[in-house]
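Trainee: Submitted below is the structure of interest, expressed as structure tokens.
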Amino acid sequence: MVDGGAGGRFARTRWEPVAISLGAIGLTGLVGAVLLLAGGFDPLAAAAAMVRGSVGSWDVFVSITLVRSVPLILTGLAVALAFRAGVWNIGAEGQLYAGAVAAAGVGLAGGGLPAVLLVPAVLCAALAAGAAWAVLPMLMRVRLGVGEVITTILMNFVGIHMAAYMVHGPLQESRGVFPQTDAIAEAARLPPLLPGTRLHVGFAVAALLALGMTVFLHRSRAGFRIRAVGASPEAAHVSGRIDARRVLVGCFLVSGAVAGLAGGVEVAGVTHALYEDLSPGWGYTAIAVALLAGLEPLGVLVTGLLFGALQAGAGAMQRDAGIPAAWVGVVEALVILAVLGLDRLRRTGGRVLPGIRIGGGGGA
Amino acid sequence: MTRPLARLGGIERRFGAVLALDGADLEIRAGEVHGVLGANGAGKSTLLNVLGGMLAPDAGVVEIEGRAVRLGSPRDAWALGIALVHQHFTLVPRLSALENLALGAGHRRGLAGDLEKLMARTGLRVPLDARVEQLGVGDRQRIEILKALLRDPRVLVLDEPTAVLTPDEVDGLFGLLKELAADGRAVVLVAHKLDEVLGVADRITVLRNGRTVLTGPSAGRSVPELVRAMVGGDAVDPIALGLTGVDAGATGAMSRPPAERGETTTSARALHAGGVVVRLRGAALADRSGPGVHGVDLEIRRGEIVGVAGVEGNGQRALALLASGRAVPDSGSAELPSGIGFIPQDRSTEGLIAEFDLVENVGLALQREPEYVRGPWMRWDAVRDAAERIRERFEVAAPSVTTLAGALSGGNQQRVIVGRELTLARDFLVAENPTRGLDVAAAAFVHAELRRMATEGVGVLLVSTDLDEVLGLSNRVYAIARGRLHDVPEERRTREGVGAFMLGGTADG
Amino acid sequence: MAHPFPTRGARTAALVALTVAAATACGGGDAPEAEPTLRVALLTSGPVSDAGWYAGAYEGLMRIEQQFGAQVSHQQTATPAEFDEAFIAYATSGYDLIFAHGNEYQDAAIRAGERFPELTIVVSGGGRVSGNVAPLIFRLEEGSYLAGMAAAAMTESGIVGMVGGVEIPPARGTFVAFEAGARSVDPDIEVLEVFTGDWNDVAAAKEATVAQLSRGADVVIHNLDAASFAVFQAVREARAAGRTTWAVGMNSDQNDVAPDVIIGSAVIRIADAFVETVRMWQAGEVGGAAIYASTRQDVIDFVFNPELLDRVPPEIVQRVSEARDMIRAGTLDVPRIEFVEGEAGVR
């Protein structure tokens, strides 16, 4: 097992998220059914469509649900890591777009390179751009004490509009007609994970990252320090002599990088070009994904799949059961509310989300 | 005399799996100061919270003047004339003292005038216009008491009011409590210091494991009798009992067991033999929440305990952070050894992480030690062994090392911290109010460990607001006032002598 | 902030929802035909309650269901990844023809077309062509040109405004034509143009309209989807403030969306075009080339608002009618921007 040293430590965290998740799902299902009935729809038909559209067949599961879960898992990991360290990075959406722009840029420019070089270059560009997108909020938090909740949200708008500018301007397709880039080079595209399906190796990247992050958080000293700073910056400083600021800077940047990777993987693995509306708000859904997983990376793998299935099934509800798209948004909002509510219940009297303080000795 | 003002009978209260109160009784009469005693986790605070309407009991009766009542909220208790002064402050930092008092009393005309009269009568003076966040703990405590008194209560309940007051202020407070009782009110008081309680209380109630084990007049009770009632007859540390202090310590060895006396002497001898392990020169450190320290010159040798006494908020925090290497001096220099242990005063926010288990909490400090790390990885097996050793050696009452720190009582949390920091303190140990809030047995344990460390050649810096603790344990004594250290000469190491240094900071006191 | 939600739109949405629910509930059991049922799907990236671009497409889908006894389905999708998924989902459940109602679908349509050779995809306003993917191009410029003539006749300030969504060639084309139409009536007319970057951003559209009105424009045309309501609302508010201001509808007959301010609408009879496209598909004529729909088939038109007809100078109604005939006859050239690959000048 991952947690060899003190096995029992896992016990308390392992089942709690599961119970919360089941509670959230049950609650959401109940409220959703009531809403559907009120709207004159058949909840059973909707549920059947949802199941068919997400796990109804191998092809649907692999080509739709799994593909859709990749950006949710990656951004979920980004959020989980940041939250674990007490960094309230709400900016995964903007970091994702930054990563997508960088990946598209490299993927378009590197046409002459072989895939073994170009694919890593594309992903590295996405990582770097995501991290770069986190630099400004990070500096404002560390140097000026400006809360990162607001700054990262603002950077989301900048990121989304930057991507829009790119597809209207510098990176617009060579025909100059539509707001999108040309298709990136064949050698820049992620190879399929399962031939004949849409599933690309980005899924393997996401799964391995979740596994690696779990091992890192629970087995490595740096991971332990991150957890300590996130749980109590004061205790980490006074009892652990941990430089909370360094942990914070590191986690902020890595979180941004992973969210950027989500954008790069989406461009290189799915769309093969940059579009304005690349993300339906994955960076925000990621918060629910991460919280629902109890901020455990392996849990994010599960909840990311769950949300992927939910989103895939939501499409089927429209197609097969005629449920309007707006209802899908309601379902997602309900899940997020249920998650946040149950999460809060779990730790009554816990910290207030944005009001965290770094334990600083001296400084200023 | 006939009918008690308030009576709690057979109170039970459970928190999850923990039975905090298991049929506790408390009877309060008009015109008395009533002391409530008990070890940590005995249920004192829970019982008082039931009386104050903060907690509903699972079973038992609450009677006010013979009438059974239901106290669903603090409001119900206020309506019946019961006012509770909390152990934890409930003030709004951004508001002024006056505004906080107005919050408690409800807005009314002439509040400031009433307050002036109240302050004059009670001697509890606070700057009404100052914002609470700028005030020290002593002032905050006074505001809490004034807030309660403004309600003109029939029963005034105080949970640990003396921890943050100077000896003079404690005397003043006790005088006030006696006056209030003489008025026909009842005062209920929780304090750890038995001699304090015996000095002021007319009657006492002792709790153990959630039950009332002794109740009756305080006159004629001896401290050992009370201790036996509280802890069940363990060996006790006279310093922790509040018995020793200056006079006993100055007059001789009578109140100390011979063996301990001997250890102290050994360490006194070691003072001359041991080398300097810590050297602060002109060190200064600003502190946002207090005065900080400046111009600190301090040398500590192996084997000696250096005590720093002072009223809370005079720079102790900054001194402890500097000496423990948690902060770098703004100016001046600090030469520190590598093996430093630090017992911080605030164990729940700084000493431990409540949602981590004991292994992780031990690992929190040990992760800096090479033998608990392999490359980038934690050696959790080694940390777990260390945690097991601490749990056994320091008798931490936890079912296993995977128990969450937050589930432990205050005394057991402190045992974990002490155990952990002692393993780190190869050269030097900083202890900041190490026994605050601990019961007698736990405090005795901590004191014994500090002495043991000194005999093993470790330099110890004891920073405490507890004068008796400082005087009873230290080879050398400093007083800290407004961020400056004052060396207290041997002949002035009495309660009054040090107290003068603490307040005025002048040699002539 | 609240924009008036048109009662028709709401009714349509409710009706639509019910119809689809009923259709699903019946499960197609009421059409026991021997020959395989025609299956037609519609993809939109906005709500079909917009009383415009998407509503017209949905109306077309409903008509296809009625006229051809087709099994129909609709999905609203938002991102390129969803486009792929929707095509796959429809293709694998046996759909024959998919109307992808917007140029944003074109790349995903080409990909799906390669993967599912049996499938035919029609991309409204698309620019890419393959054997089983055909763009459906609406010559809305023709209606927009006529709208420009009407606008020039109505303005008192000599300034007219245009509020667009995403700046893409089909949208720019309508504005170019609008300007040309206006200048054919008044060569000195001043034309303001802005693109908000979003078809459905109500707040941005309203802000842009208010800005143009305050710069003196008193007739505003839009090329938006759900955000068009904001344009009408801004014009209505200027009216309430004492100015004489008008709006022009676009994409569908919006005259009764805001009958007090809309002087007329440049319409695409999308439903007609869809029905016609299904006929062509059944005849094997869809694929390999763009399908054009214009005034010639009566798919494109400009329709005066009957409730405000008394406010319009009769001679301009006459001139618009004549211009329409000339466009149909090919004697009046409306400027437009070509963007379909294979067309003149387009790679």
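Trainee: Is it the case that some residue within segment C:228-249 is open to solvent by less than 10 Å² (accessible area, probe 1.4 Å) and in a loop (DSSP other than H, G, I, E, B)?
Mentor: Yes, because at least one residue in segment C:228-249 is open to solvent by less than 10 Å² (accessible area, probe 1.4 Å) and in a loop (DSSP other than H, G, I, E, B).
Trainee: Return the only residue of B:Leu128, B:Leu101 being assigned to a helix (DSSP H, G or I) and either open to solvent by less than 60 Å² (accessible area, probe 1.4 Å) or on the phi > 0 side of the Ramachandran plot (or both). Before the answer, list the steps.
Mentor: Numbers: B:Leu128 fails: assigned to a helix (DSSP H, G or I).
Step by step, each of B:Leu128, B:Leu101 is checked, and only B:Leu101 is assigned to a helix (DSSP H, G or I) and either open to solvent by less than 60 Å² (accessible area, probe 1.4 Å) or on the phi > 0 side of the Ramachandran plot (or both).
Trainee: Another one. So, of the residues in segment C:260-302 that are under 19 Å from C:Ala153 (Cβ atoms) and surrounded by fewer than 20 Cβ atoms within 10 Å (Cβ to Cβ), which turns out to be farthest from the chain's Cα centre (by Cα)?
Mentor: Of the residues in segment C:260-302, the ones under 19 Å from C:Ala153 (Cβ atoms) are C:260-267, C:301-302.
Subsequent filtering for residues that are surrounded by fewer than 20 Cβ atoms within 10 Å (Cβ to Cβ) retains C:260, C:301.
Details: C:Asp260: 22, C:Asp301: 12 Å.
If we take residues in segment C:260-302 being under 19 Å from C:Ala153 (Cβ atoms) and surrounded by fewer than 20 Cβ atoms within 10 Å (Cβ to Cβ), then C:Asp260 is farthest from the chain's Cα centre (by Cα).
Trainee: I would also like to ask the following. For segment B:313-334, give me each residue that is of a type in the set (A, V, I, L, M, F, W, C) and surrounded by fewer than 21 Cβ atoms within 10 Å (Cβ to Cβ).
Mentor: Pass one, segment B:313-334, residues of a type in the set (A, V, I, L, M, F, W, C): B:318-323, B:327-328, B:334.
Those that are of a type in the set (A, V, I, L, M, F, W, C) and surrounded by fewer than 21 Cβ atoms within 10 Å (Cβ to Cβ): B:Val328, B:Ala334.
Trainee: Residue pairs, Cβ under 8 Å, 6 or more apart or interchain, first in segment A:238-256 and within 14 Å of chain B (Cβ to nearest Cβ) and open to solvent by less than 30 Å² (accessible area, probe 1.4 Å), second of a type in the set (Phe, Trp, Tyr) and outside any helix (DSSP H, G or I). List them.
Mentor: A:Val238/B:Phe342; A:Ser239/B:Phe342
Trainee: Another one. Scan the strands (runs of 3 or more DSSP E) fully inside segment C:52-146 and keep the ones with 3 or more residues being closer than 30 Å to C:Val176 by Cβ and more than 9 Å from chain A (Cβ to nearest Cβ).
Mentor: Working: elements: C:71-76, C:97-100, C:120-124, C:133-138.
Once the strands (runs of 3 or more DSSP E) in segment C:52-146 are filtered for at least 3 residues that are closer than 30 Å to C:Val176 by Cβ and more than 9 Å from chain A (Cβ to nearest Cβ), what remains is C:120-124, C:133-138.
Trainee: Yes or no: C:Phe195 open to solvent by less than 30 Å² (accessible area, probe 1.4 Å) and closer than 29 Å to C:His101 by Cα? Walk me through it before giving the result.
Mentor: Working: open to solvent by less than 30 Å² (accessible area, probe 1.4 Å): no; closer than 29 Å to C:His101 by Cα: yes.
Spelling it out, it is not the case that C:Phe195 is open to solvent by less than 30 Å² (accessible area, probe 1.4 Å) and closer than 29 Å to C:His101 by Cα.
Trainee: For residues that are under 18 Å from A:Ala121 (Cβ atoms) and buried (at least 16 other Cβ atoms within 10 Å of the Cβ), tally how many sit in segment A:174-196. Full working, then the answer.
Mentor: At the first step, the residues of segment A:174-196 found to be under 18 Å from A:Ala121 (Cβ atoms) are A:181-191.
If we keep only those that are buried (at least 16 other Cβ atoms within 10 Å of the Cβ) as well, we get A:181-185, A:187-190.
Count: 9.
Trainee: For segment C:116-129, check the following and say yes or no: at least one residue is β-branched (Val, Ile, Thr), in contact (Cβ under 8 Å) with a residue 24 or more places away in the chain and over 23 Å from C:Ile168 (Cα atoms).
Mentor: If we filter segment C:116-129 for residues that are β-branched (Val, Ile, Thr), which is where we start, we get C:120-123, C:129.
Checking the rest, the ones that are also in contact (Cβ under 8 Å) with a residue 24 or more places away in the chain come to C:120-122, C:129.
Checking the rest, the ones that are also over 23 Å from C:Ile168 (Cα atoms) come to C:120.
The answer is yes, given that some residue of segment C:116-129 is β-branched (Val, Ile, Thr), in contact (Cβ under 8 Å) with a residue 24 or more places away in the chain and over 23 Å from C:Ile168 (Cα atoms).
Trainee: State the number of residues belonging to segment A:197-231 that are open to solvent by less than 10 Å² (accessible area, probe 1.4 Å) and at the interface with chain B (Cβ under 7 Å from one of its Cβ atoms).
Mentor: Result for segment A:197-231: 3.
Trainee: How about segment B:341-355: which of its residues are open to solvent by 10 Å² or more (accessible area, probe 1.4 Å) and facing chain A (nearest Cβ under 7 Å)?
Mentor: Taking segment B:341-355 and keeping what is open to solvent by 10 Å² or more (accessible area, probe 1.4 Å), we get B:345-350, B:354-355.
Hits for segment B:341-355 are B:Thr349, B:Glu350, B:Glu355.
Trainee: Residue pairs, Cβ under 6 Å, 6 or more apart or interchain, first in segment B:165-188 and outside the structural domain of B:Asp468 (by TED's automatic domain parsing), second modelled with pLDDT under 90 and polar (S, T, N, Q). List them.
Mentor: Taking only residues 6 or more apart or on different chains, the pairs are B:Val170/B:Thr162; B:Leu176/B:Thr122.
Trainee: For segment A:291-302, give me each residue that is open to solvent by 10 Å² or more (accessible area, probe 1.4 Å), at pLDDT below 90 and not in a helix (DSSP H, G or I). Outline the logic, then answer.
Mentor: Step one: of segment A:291-302, the residues open to solvent by 10 Å² or more (accessible area, probe 1.4 Å) are A:291, A:294-296, A:298-299, A:301-302.
With the extra rule that they be at pLDDT below 90, the set shrinks to A:291, A:294.
Matches in segment A:291-302: A:Gly294 only.
Trainee: Another one. Select, from B:Arg436, B:Arg384, the only residue that is assigned to a helix (DSSP H, G or I) and open to solvent by 40 Å² or more (accessible area, probe 1.4 Å).
Mentor: Values: B:Arg436 fails: assigned to a helix (DSSP H, G or I).
Just a single option satisfies the conditions, and that option is B:Arg384.
Trainee: Is it fair to say A:Val101 is more than 21 Å from A:His218 (Cα to Cα), surrounded by 24 or more Cβ atoms within 10 Å (Cβ to Cβ) and in contact with a Lys or Arg (Cβ under 7 Å, 6 or more places away or on another chain)? Quick ask: steps written out before the conclusion?
Mentor: Details: more than 21 Å from A:His218 (Cα to Cα): yes; surrounded by 24 or more Cβ atoms within 10 Å (Cβ to Cβ): yes; in contact with a Lys or Arg (Cβ under 7 Å, 6 or more places away or on another chain): no.
No, not satisfied.
Trainee: Inspect all residues belonging to segment C:318-326 and state whether any of them is buried (at least 18 other Cβ atoms within 10 Å of the Cβ), touching a Leu at 6+ places or on another chain (Cβ under 7 Å), at pLDDT 90 or above and not charged (D, E, K, R).
Mentor: Initial filter on segment C:318-326 (buried (at least 18 other Cβ atoms within 10 Å of the Cβ)): C:320, C:323-324.
Next, only the ones that are touching a Leu at 6+ places or on another chain (Cβ under 7 Å) stay: C:320, C:323-324.
Filter once more, so that each one left must be at pLDDT 90 or above: C:320, C:323-324.
From the residues that got through so far, the ones that are not charged (D, E, K, R) too are C:320, C:323.
Among the residues of segment C:318-326, at least one is buried (at least 18 other Cβ atoms within 10 Å of the Cβ), touching a Leu at 6+ places or on another chain (Cβ under 7 Å), at pLDDT 90 or above and not charged (D, E, K, R), which makes the answer yes.
Trainee: Given the options B:Ser338, B:Ser409, B:Ser400, name the one that is at the interface with another protein chain (Cβ under 8 Å from one of its Cβ atoms) and of a type in the set (Gly, Ala, Ser).
Mentor: Working: B:Ser338 fails: at the interface with another protein chain (Cβ under 8 Å from one of its Cβ atoms); B:Ser409 fails: at the interface with another protein chain (Cβ under 8 Å from one of its Cβ atoms).
Answer to the check: B:Ser400.
Trainee: Does segment B:405-420 include one or more residues that are open to solvent by less than 20 Å² (accessible area, probe 1.4 Å), closer than 16 Å to B:Glu456 by Cα and among the charged types (D, E, K, R)?
Mentor: No, because not a single residue in segment B:405-420 is open to solvent by less than 20 Å² (accessible area, probe 1.4 Å), closer than 16 Å to B:Glu456 by Cα and among the charged types (D, E, K, R).
Matching residues to (1) closer than 14 Å to C:Leu136 by Cβ; (2) in contact (Cβ under 8 Å) with a residue 60 or more places away in the chain; (3) of a type in the set (S, T, N, Q); (4) surrounded by 19 or more Cβ atoms within 10 Å (Cβ to Cβ):
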| residue | (1), (2), (3), (4) |
| --- | --- |
| C:Glu59 | no, yes, no, yes |
| C:Gly69 | no, no, no, no |
| C:Val72 | no, no, no, yes |
| C:Glu85 | no, no, no, yes |
| C:Phe99 | yes, yes, no, yes |
| C:Tyr105 | yes, yes, no, yes |
| C:Ala109 | yes, no, no, yes |
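Trainee: Let me ask something else. Does segment B:300-313 contain at least one residue that is under 19 Å from B:Val277 (Cα atoms), touching a residue at least 40 places away in the same chain (Cβ under 8 Å), in a loop (DSSP other than H, G, I, E, B) and within 14 Å of chain A (Cβ to nearest Cβ)?
Mentor: Step one: list which residues in segment B:300-313 are under 19 Å from B:Val277 (Cα atoms), which gives B:300-308.
Okay, now just the ones that are also touching a residue at least 40 places away in the same chain (Cβ under 8 Å), so B:300-308.
Filter again for in a loop (DSSP other than H, G, I, E, B), leaving B:302-304.
So of that shortlist, the ones also within 14 Å of chain A (Cβ to nearest Cβ) come out as none.
Checked segment B:300-313: no residue is under 19 Å from B:Val277 (Cα atoms), touching a residue at least 40 places away in the same chain (Cβ under 8 Å), in a loop (DSSP other than H, G, I, E, B) and within 14 Å of chain A (Cβ to nearest Cβ).
Trainee: If we scan segment B:476-491, do we find a residue that is assigned to a loop (DSSP other than H, G, I, E, B) and more than 26 Å from B:Gly136 (Cα to Cα)? Spell out the reasoning first.
Mentor: Residues of segment B:476-491 that are assigned to a loop (DSSP other than H, G, I, E, B), as a first pass: B:482-483, B:489.
Cutting the leftovers down to more than 26 Å from B:Gly136 (Cα to Cα) gives us B:489.
Checking segment B:476-491: at least one residue is assigned to a loop (DSSP other than H, G, I, E, B) and more than 26 Å from B:Gly136 (Cα to Cα).
Trainee: Can I ask one more? Quick one: how many residues across segment B:310-326 are small (Gly, Ala, Ser), at pLDDT 90 or above and more than 15 Å from B:Pro434 (Cα to Cα)? I'd like the intermediate steps shown before the answer.
Mentor: As a first pass, look at segment B:310-326 and keep what is small (Gly, Ala, Ser): B:310, B:313, B:315, B:318, B:320, B:323-325.
Applying the additional criterion that residues be at pLDDT 90 or above yields B:318, B:320, B:323-325.
From what is left, the residues that are more than 15 Å from B:Pro434 (Cα to Cα) are B:318, B:323, B:325.
So the count comes out to 3.
Trainee: Further question: Give the residue that is least open to solvent (accessible area, probe 1.4 Å), with candidates limited to residues of segment B:13-54 that are modelled with pLDDT under 90 and charged (D, E, K, R).
Mentor: So the residue we want is B:Lys44.
Trainee: How do the pairs read when you match residues in segment A:163-187 that are closer than 19 Å to C:Gly126 by Cβ with residues anywhere that are open to solvent by less than 50 Å² (accessible area, probe 1.4 Å) and among the aromatic types (Phe, Trp, Tyr), using Cβ under 7 Å and keeping only pairs 6 or more apart or on different chains?
Mentor: Cβ pairs passing all conditions: A:Val167/A:Tyr275; A:Val177/C:Phe339; A:Gln180/A:Tyr275.
Trainee: Going through segment C:169-192 one residue at a time, which ones are open to solvent by 10 Å² or more (accessible area, probe 1.4 Å), in contact with a strand residue (DSSP E or B) (Cβ under 9 Å, 6 or more places away or on another chain) and β-branched (Val, Ile, Thr)?
Mentor: Passing the criteria: only C:Val191.
Trainee: Follow-up. Inside segment A:257-290, can you point out the residues that are of a type outside the set (Gly, Ala, Ser), assigned to a helix (DSSP H, G or I) and either free of Cβ contacts under 8 Å to residues at least 24 places away in the same chain or open to solvent by less than 20 Å² (accessible area, probe 1.4 Å) (or both)? Outline the logic, then answer.
Mentor: Going through segment A:257-290, the residues of a type outside the set (Gly, Ala, Ser) turn out to be A:258, A:261, A:265-267, A:270-272, A:274-278, A:280, A:282, A:284-285, A:287, A:289.
Restricting the remaining residues to those that are assigned to a helix (DSSP H, G or I) gives A:258, A:261, A:265-267, A:270-271, A:282, A:284-285, A:287, A:289.
If the condition is that a residue be of a type outside the set (Gly, Ala, Ser), assigned to a helix (DSSP H, G or I) and either free of Cβ contacts under 8 Å to residues at least 24 places away in the same chain or open to solvent by less than 20 Å² (accessible area, probe 1.4 Å) (or both), then A:Val258, A:Leu261, A:Val265, A:Glu266, A:Val267, A:Val270, A:Thr271, A:Trp282, A:Thr285, A:Val289 are the ones that fit.
Trainee: I'd like the full set of residues that are open to solvent by 10 Å² or more (accessible area, probe 1.4 Å) and closer than 16 Å to C:Ser252 by Cα, limited to segment C:142-168.
Mentor: Hits for segment C:142-168 are C:Glu142, C:Tyr145.
The values are calculated or read from the model by the stated rules, or taken from the named source; none is laboratory data. Remember, predicted model here, so these are calculated numbers, not experimental data. A quick note on method: Cβ atoms are made from the backbone with ideal geometry, for glycine too, and the neighbour counts reach across all protein chains shown. Quick note on the areas: whole protein, heavy atoms, side chains included, nothing else; ligands and nucleic acids left out. Shrake-Rupley method; radii C 1.70, N 1.55, O 1.52, S 1.80 Å.
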